[in-house]
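The block underneath contains the structure these notes are about, expressed in structure tokens.
The values are calculated or read from the model by the stated rules, or taken from the named source; none is laboratory data. Everything numeric here is computed off the predicted structure, so don't read it as measured data. Positions of Cβ are generated from backbone atoms using ideal geometry, with glycine treated the same way; all protein chains shown enter the neighbour counts. Only protein heavy atoms, including side chains, enter the accessible area calculation; ligands, DNA and RNA are left aside. Shrake-Rupley method; radii C 1.70, N 1.55, O 1.52, S 1.80 Å.
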Amino acid sequence: MNPPHAQRSDTTPIQEPLGQRLINAGLISDQQLREAQQVQPRYGRRLSSLLVSMGALTETALCQFLSHQYGIPLLQAFPLGWSPSLVDLVPHELARECLVAPITIVESQLTLAMADPSNVAIIDELTFRTGCQLVPLVTTESQIQTYIQMLYGRPAWNPSHHIAHPMNQASTAPEGAPTSQQESATSLPIDAHLHPPQLLQTKELEHLLEAAAATLSVSDQSGKSDSSLEKKAPIVQLVNRILGEGVAMEASDIHIEPYETHVRIRYRLDGVLHPVMTIPLTLRNAIISRLKILSHLDIAERRLPQDGRMKFQQAEQNEIDVRISMLPGLYGEKIVLRLLNQANLQLDMTKLGMEPQELAAFRNTLSKPYGMILVTGPTGSGKTTTLYSALQVLNSPTVNIVTAEDPVEYNFPGIHQVQIKEDIGFSFAAALRSFLRQDPDIIMVGEIRDHETAQMAIKAALTGHRVLSTIHTNDAVRTISRLLDMGIEPFMVASSVALIIAQRLIRQICSSCREPYAVPVAQLVEIGFNKSDAGLLVPMRGRGCAVCHYTGYKGRIALFEVFPLSETLGQGILQRVSPGELKKMAMANGFRTLRQNGLQKIQDGVTTIDEVLGATEQDVALL
């Protein structure tokens, strides 16, 4: 195969030393390069690894730089499950010394994670050894070390375990004691007792797959799921195992995806999809049929999309609602299962992630008898959960609450919930018209999508009702522009909208393996911290352990910006000031942006810098 150098998109000569290229890119200084070069002969480590240990740049920044330089894509996530045959393709010693790890093999194509994409020799060596076409991906050194430990069941060699921080060798501190904030953040040992997660890779599952392949029929096509014969069928047990593992790992979605030679199964954990296993293509139709039976869908229909629901219960666990979507594709129907576990639904407003000032503004607006509260953000950012939390606060025998949702995900006693059915003309706007004849006190509209729905919702808010809804915009301020673009008059927006909440979901650091690490003060200042806070801050990250399935994250929390519409801001809307000006007016009165909320979460040790930057990339665009 062609060496990765041939794919580079920049014009910098590849012969130029790495250190100089990092300086040219503005990632390190001349002084930092000289210091690393001085100590490099003493430790025999790669220059890039030393620069990271010194805190000159982060692993993420280095990884992104190398990906751009060599034209090799970044590895988005390591798989949580893997084929045992992978360990035979790349010997442990070779993986450990060269910091490479096999990810997947499909036919004769081997995907390989690398920390050093300039190492063409190892690509040539593994191409010769395996006879496969290699597809390299770039990732960080620490991530590869953790993955090698999981894959081979033995720790990867980590140079940072065996040396002190290079910048502190002249210190007179006692041996083994950290001499600076940076050293203590980079020299924590990795747990030597971590073991690979036993995720869909056990002998039991292998036997189950063999039995299912030998009996490709579903034992009971009648739709009954409680017969003892059916429960013993291998396909039934396999489907139950896939669902049960997803529930146990608190996955939000399960993807079952057919390809030309196999079926891939992925779980969405804390918002990120992870491959967990592959199964033979011969089992595809049997699994699809089994799931269609459970959700009462047409088994014979394979040309059109289908949607359904079912319930799943394993042993003494809570019953789980499962929403199922079937989508025809080139190699068969792809299935997405949304796991709706009401037991995991967090509806305590104090635990959503709002800062005290923002929570007080939210509660104050909820206490008012009329006006509109809008929650905005991308799909999957937790908007519905925020609205449900508000409804739980408002829900009492003295009020009439009606909701229009598409779809209704969770049931709540005391609230009348209506399912929107666009195919028969029952839209959000039609539901709103019906609601106003039902003597409502509080109305929730799942989403404002068009002028008619927006107009109806605003009229309801102006006529003495509390209205809650969602809308798709990038931040709270742009929601005003969105309503105006829909044709709503500025005076109606200013009079009806009481509060706008923008939110994003980010992953929380796993509490079982969280550790500090060093980040240069200049980088902390660049992302928004002031110099005094940046000098004292010790960011945290997850090392990766069995509890978090070696991702470093466990659970999610929301970033919020809460935008109450004051009289001053109402005047700005009437004058049609720009979103940027409106945002500055709000910040002068204490408004905190998504980025500022995220910086607070970093300071509290709740999440990582990468999570906040990824979620708030567009947040500074108006300033």
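Do any GluC sites (Glu not before Pro) in segment 543-623 lie in a DSSP loop with no more than 16 other beta carbon atoms within 10 Å, and if so, which?
Loop-located and lightly packed - GLU617.
Subtracting the Cα-Cα distance from 0.36 nm times the residue separation, let me have the gained length for LEU484 to TYR370 in nm, one decimal.
38.9 nm
Given H placed 1.01 Å from N in the peptide plane, which residues other than close sequence neighbours of LYS421 have an amide H under 5 Å from its amide H?
Those qualifying (amide H under 5 Å, at least 5 residues apart or on another chain) are PHE426.
Starting from the Cα of ASP604, move 7 Å in the Cα-to-Cβ direction to define the label point; list residues of segment 547-575 whose amide nitrogen is under 12 Å from there.
So the set is 557-560.
Hey, rough spin-label estimate for LEU74 and VAL120, points 7 angstrom out along Cα→Cβ, what's it come to in nanometres?
2.6
Of LYS383/LYS421; LYS459/LYS584; LYS292/LYS334, which pairs sit farther than 18 Å apart, going by alpha carbon to alpha carbon?
The pairs that break the limit, which is 18 Å between Cα atoms, are LYS383/LYS421; LYS459/LYS584.
Restricting the calculation to Cα positions, tell me the Rg (one decimal) and the Dmax (whole number) of segment 554-623 in Å.
Taking only Cα atoms of segment 554-623, I get Rg and Dmax of 14.1, 46 Å.
Based on a Kirkwood Rh over C-alpha pairs, give the Stokes-Einstein translational diffusion coefficient of segment 317-466 at 25 °C and viscosity 0.890 mPa s in µm²/s.
Translational D for this selection: 144 µm²/s.
Principal axis lengths of segment 356-412 from Cα atoms, whole Å, largest first?
29, 28, 18
Counting heavy atoms of the protein chains only and a 1.4 Å probe, report the per residue accessible area for segment 20-64 as a whole number of Å².
Numbers: 2030 Å² over 45 residues.
With the other protein chains kept in place, segment 20-64 gives 45 Å² per residue.
With r as the distance between the Cβ atoms of ALA248 and VAL393 and R0 = 30 Å, compute the FRET efficiency 1/(1 + (r/R0)^6) and round to 0.05.
It comes out at approximately 0.45.
For ASN318 and ASN24, what is the calculated FRET efficiency with R₀ set at 56 Å and r taken between the beta-carbons, to the nearest 0.05?
0.50
Arranged from highest to lowest average of other beta-carbon atoms within 10 Å per residue, in what order do the peptides 377-386, 467-476, 90-99 appear?
My ranking of the peptides, most packed first, is 467-476, 377-386, 90-99.
Mind pulling the per residue volume of the convex hull built on the Cα atoms of segment 59-152? Å³ is fine. Don't skip to the end; give the middle numbers.
On the way: hull volume 8.3 nm³, N = 94.
Normalising the Cα hull of segment 59-152 by residue number yields 88 Å³.
What FRET efficiency, computed as 1/(1 + (r/R0)^6) with R0 = 35 Å and r the Cβ-Cβ distance, is obtained for PHE426 and LEU359, rounded to the nearest 0.05?
On the way: r = 35 Å, r/R0 = 1.01.
The value I calculate is 0.50.
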